[in-house]
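Down below is the structure, laid out as structure tokens.
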Amino acid sequence: KLAMGKKANAEVLFRNALQGREASLGSAHRDTVGSMASLALLQGTMGRHEEAEVMLAVVLERSILALGSAHPRTLSAVHNLAALQNALARYEEAETTVQR
């Protein structure tokens, strides 16, 4: 229970950071995308897999556009999305994500 409370507090901080970066840098900036990835991963640890998956898909698309498909951050985005899909026993989707 205590851990969830700390995660909820962290979520508020992560959302504030994301909103600040979107306002100052724009939604496609690599730092904004990094903040979104952090928030999505936190949501996943909180059991909010649907929200996390949607956000991780956005992170992947923005990473590809901003950094290219071979950039280490983009490859991390691929891994994070595929790992979530795999954990949810959606193996074909995970395989498709990795093969992008």
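The values are calculated or read from the model by the stated rules, or taken from the named source; none is laboratory data. Values in this document were obtained by computation on a predicted structure and should not be read as measured data. Note: ideal-geometry Cβ built from the backbone for every residue, glycine included; neighbour counts use all protein chains shown. Surface areas here come from the heavy atoms of the whole protein model, side chains and all, with no ligands, DNA or RNA. Shrake-Rupley method; radii C 1.70, N 1.55, O 1.52, S 1.80 Å.
Determine whether segment 23-34 contains at least one residue that is open to solvent by less than 50 Å² (accessible area, probe 1.4 Å), assigned to a helix (DSSP H, G or I) and not β-branched (Val, Ile, Thr). Yes, the conditions are met somewhere in segment 23-34.
Among the residues of segment 68-87, is any part of a loop (DSSP other than H, G, I, E, B), out of contact with any Gly (no Cβ under 8 Å at 6 or more places or on another chain) and within 27 Å of residue 8 (Cβ to Cβ)? Looking for residues that are part of a loop (DSSP other than H, G, I, E, B), out of contact with any Gly (no Cβ under 8 Å at 6 or more places or on another chain) and within 27 Å of residue 8 (Cβ to Cβ), one finds none in segment 68-87, hence no.
Once segment 1-22 is narrowed to residues that are touching a helix residue (DSSP H, G or I) at 6+ places or on another chain (Cβ under 8 Å) and farther than 20 Å from residue 49 by Cα, the residue that is surrounded by the most Cβ atoms within 10 Å (Cβ to Cβ) is 21. Go through segment 45-62 and count every residue that is among the small types (Gly, Ala, Ser) and touching a Leu at 6+ places or on another chain (Cβ under 8 Å). Residues that pass the stated criteria total 2.
For segment 42-57, filtering for residues that are crowded, with 18+ Cβ neighbours inside 10 Å and either outside any helix (DSSP H, G or I) or hydrophobic (A, V, I, L, M, F, W, C) (or both) leaves 4.
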